[in-house]
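None of the figures in this text is laboratory data; all of them are computed from the coordinates on show. A quick note: this is a predicted structure, and the numbers were derived from the prediction, not measured. Glycine also receives a Cβ, built like all others from the backbone with ideal geometry; neighbour counts cover every protein chain displayed.
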Amino acid sequence: MKIKLELFGVCREFSDNDFLNFDFDQDIEIKDLRREVENFVSKQFPENKNFLEMVKKSAFSSEANEIIGDDFKLSKNQTSFNYSPYRRWLMFHCEVVDVNKNKITIEKAEKFIESQKCGASLYFVGTVRDHNNDKTVTGITYDAHDAMVKKSFEEIYNDAISKLKLEHPVAFVEHAKGYVPLGGISVIIAVACKHRAQVYEFSRFIIEEIKKKTPIWKKEYYQGEETKWLEGKS
């Protein structure tokens with residue numbers, strides 16, 4: 001039985017390949033496959049301890065993106081499975097929200113980060129303020145390439161896990177696209193971790209990195225003056 005595992009995110013970067021290929025003589029359970037992958041990574045990438053740790057914390061999913069438990073048995077007619085780090089679809093959500101069609105809400109963030117495994121959660125809500133650079137602001141238009149922004153959010157999430165050594169890190173990030181009036185929500189960042197000290201670091205890391213790296217542009221509207229596209233990113 002041939003099994004082709006597709007790698008995503010940092011797992012793909014660690015290996016420099018999109019897939020890992022394995023050949024087994026009989027049916028195999030996910031937990032046994034995981035052990036084989038761990039052994040393979042240990043031998044092929046002995047200097048890269050982060051790759052091995054990522055493998056140990058990863059989840060398997062079917063081609064339909066359904067999570068597969070460790071007791072699931074792969075048979076000969078099931079030969080292709082995705083291998084994705086950190087159960088990403090369970091522990092991280094990001095979206096660029098067209099505010100002409102939808103709203104950014106704290107309720108959605110609360111629902112996503114709820115977990116009995118986390119002892120602390122924190123919410124950051126960015127809103128449009130009334131002054132900037134000694135001018136009276138009445139609103140802001142945000143513009144972005146959605147796919148590039150989401151890719152940036154994912155990279156920031158992975159960097160936070162790696163650099164801050166977080167335990168059970170859950171994050172929800174949504175940013176507005178379109179016109180946001182004075183006092184309107186431009187961004188929500190909700191995070192949860194095992195311990196309270198980590199959520200402050202986690203939230204601060206995400207918003208500061210977004211400001212530095214994420215390609216979101218904004219045009220400010222002023223009272224009695226012409227609008228202006230601001231320099232830099234978000």
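List the trypsin sites (Lys or Arg not before Pro) within segment 93-144 that DSSP assigns to loop and that have no more than 14 neighbouring Cβ atoms inside 10 Å.
Listed in order of number, the matching sites are Lys101, Lys103, Lys117, Arg129.
Considering only the other residues whose Cβ falls under 15 Å of the Cβ of Ala109, what net charge follows from Lys and Arg at +1 and Asp and Glu at -1?
So the environment of Ala109 carries a net charge of -2.
Once you list every other residue whose beta carbon is under 14 Å from the beta carbon of Glu201, what net charge do they have if Lys and Arg are +1 and Asp and Glu are -1?
Charge balance in the 14 Å sphere: +1.
Note down the nm distance, to one decimal, between modelled labels 7 Å out along Cα→Cβ at Tyr200 and at His131.
Going by the 7 Å Cα→Cβ label model, 2.8 nm.
Sequence neighbours fewer than 8 away in the same chain don't count; with that in mind, list the aspartates and glutamates whose C-alpha is under 17 Å from Lys211.
Lys211 reaches Glu95, Asp143, Asp146, Glu154, Glu155, Asp159, Glu174, Glu201, Glu220, Glu231.
Can you pick out the pairs among Lys101/Lys194; Lys4/Lys73; Lys111/Lys163; Lys73/Lys111 whose Cα atoms lie more than 24 Å from each other?
Too far apart for the 24 Å limit: Lys101/Lys194; Lys111/Lys163; Lys73/Lys111.
How high is the FRET efficiency between Ala120 and Phe24 when r is their beta carbon distance and R₀ equals 41 Å, given to the nearest 0.05?
So, using R0 = 41 Å, E works out to roughly 0.45.
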